[in-house]
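Encoded as structure tokens, the structure appears first; notes follow it.
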Amino acid sequence: MESYKTLEIIRKNTDSSVFHLIINRPSHLNALSLDFFIEFPKALSSLDQNPNVSVIILSGAGKHFCSGIDLNSLSSISTQSSSGNDRGRSSEQLRRKIKSMQAAITAIEQCRKPVIAAIHGACIGGGVDLITACDIRYCSEDAFFSIKEVDLAIVADLGTLQRLPSIVGYANAMELALTARRFSGGEAKDLGLVSKVFGSKSELDNGVSTIAEGIGGKSPLAVTGTKAVLLRSREVSVEQGLDYVATWNSAMLISDDLNEAVSAQMMKTKPRFAKL
């Protein structure tokens, strides 16, 4: 498996279809460097195309999940963008850089396999961009969050302002983004940002692994289809969403997975599905 400067991929059990994608810059509090934005979509794509992978758990090494974008990287982007003599060309270059960084985060949604965020410690700025793109989010009691960009005199531009309102509501997203205040894992649960708060990091790791294994044991066609349909339905009307899922199921419903699931239900056995 390919090695990365900013990430680590681990399969904790050789019999498991759950893989761990770990932000691996603990000495920098897992701040997101420019290398991260190059490596992250590549790592996700490799996991997506790997038939042995059914679920991905995204977490951070060390004491924190992610402290946001690396300030040295932010300074480098700013310096490069202001170094040219032509304001128009400098701005166009900056726009392309922002779009490429946005694409790195959106790669989570483009990955067919479910991506579950397991959050402990700090989840700040770019960390919030990451988790709002994930399919499910859990955290430990020590987790805390902040949409920090306004304190750095910038507008959050990697997805939080677009995704968070549909998760926690428009008014809550506006308040959190404008104040940049820190909020706890408990408040994140109340807001609907995370599905559950675990008592400790070890409980988080064990709990999320159990949940992921459960998802991994289901039909991969049904799991990837459910993710795709939910993401599509977020952007369209109910009628359009129903039409989309009708088209999806007309292509995918009649499968060996369906026969296996029905047979297992009738025989009261555990179904065994082919890899995707």
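The values are calculated or read from the model by the stated rules, or taken from the named source; none is laboratory data. Values in this document were obtained by computation on a predicted structure and should not be read as measured data. Using ideal geometry, Cβ is built from the backbone for each residue, glycine included, and neighbour counts are taken over all protein chains shown. For the accessible areas, the whole protein counts, side chains as well, though only heavy atoms, and no ligand, DNA or RNA atoms are used. Shrake-Rupley method; radii C 1.70, N 1.55, O 1.52, S 1.80 Å.
Reported to the nearest whole Å, the Cα centre-to-centre distance from the range 144-183 to the range 1-73 is 23. When the Cα positions of Val238, Leu253, Leu221 are compared along the charge dipole of the range 220-267, Val238 comes out farthest toward the positive end, with charges on each C-beta of Lys, Arg, Asp and Glu.
Using a cutoff of 8 angstrom between alpha carbon atoms and counting only pairs six or more residues apart, the relative contact order for the range 7-217 works out to 20 percent. A Förster distance of 51 Å, applied to the separation of the beta-carbon atoms of Ala103 and Glu141, puts the FRET efficiency at 0.95. Roughly speaking, what is the stretch gain from Asn72 to Val150, that is 0.36 nm per residue apart minus the C-alpha to C-alpha distance, in nm to one decimal? Full extension from Asn72 to Val150 adds 26.3 nm.
Spin-label model, Ser27/Lys63: points 7 Å from Cα along the beta carbon direction are separated by 1.6 nm.
Calculate what fraction, in whole %, of the accessible area of the chain sits on carbon and sulfur atoms when a 1.4 Å probe is rolled over the protein chains.
The value for the chain is 54 percent carbon and sulfur by accessible area.
Using 20 Å as the cut-off for backbone N distance, which residues of the range 1-39 belong to the label zone defined by a point 7 Å from the Cα of Leu231 along Cα→Cβ? Zone members listed by number: 18-23, 37-39.
Estimated purely from DSSP H runs of n ≥ 4, each contributing -39500 (n - 2.57), the mean residue ellipticity at 222 nm for the chain is -16500 deg cm²/dmol once divided by its residues. Ranked from largest, the principal axis spans of the Cα set of the range 220-267 equal 39, 16, 14 Å.
Here are some pairs, Lys148/Lys189; Lys99/Lys196; Lys97/Lys189; Lys12/Lys218; Lys5/Lys42; Lys12/Lys113; which of them have Cα atoms lying more than 24 Å apart in this structure? Correct reply: Lys99/Lys196; Lys97/Lys189. Residue separation of Glu239 and Ser46 scaled by 0.36 nm, minus their Cα-Cα distance, works out to 66.0 nm of gained length. On full extension, the segment bounded by Leu94 and Leu253 gains 52.8 nm, given 0.36 nm per residue less the C-alpha separation. Bridges between two residues of the chain, per DSSP, are antiparallel at a rate of about 20%. For the peptides 264-270, 32-38, residues were scored by their other Cβ atoms within 10 Å and the scores averaged per peptide; the highest-first order is 32-38, 264-270. In angstrom, the C-alpha Rg and Dmax of the chain are 19.8, 73. Its Cα gyration tensor gives the range 1-101 an equivalent ellipsoid. The semi-axes, each the square root of 5 times an eigenvalue, are 32, 16, 8 Å from largest down.
Explain nothing, just the number: dipole magnitude of the chain about its Cα centre with +1 on each Lys and Arg Cβ and -1 on each Asp and Glu Cβ, in debye rounded to the nearest 20.
240
Roughly how many Å² is the accessible area per residue of the range 145-262, as a whole number, for a 1.4 Å probe?
56
Under the combined filter of DSSP loop state and at most 14 neighbouring Cβ atoms within 10 Å, the range 220-276 retains these GluC sites (Glu not before Pro): Glu235. The listed residues Thr210, Thr226, once ranked by accessible area (1.4 Å probe) with the largest placed first, stand as Thr210, Thr226.
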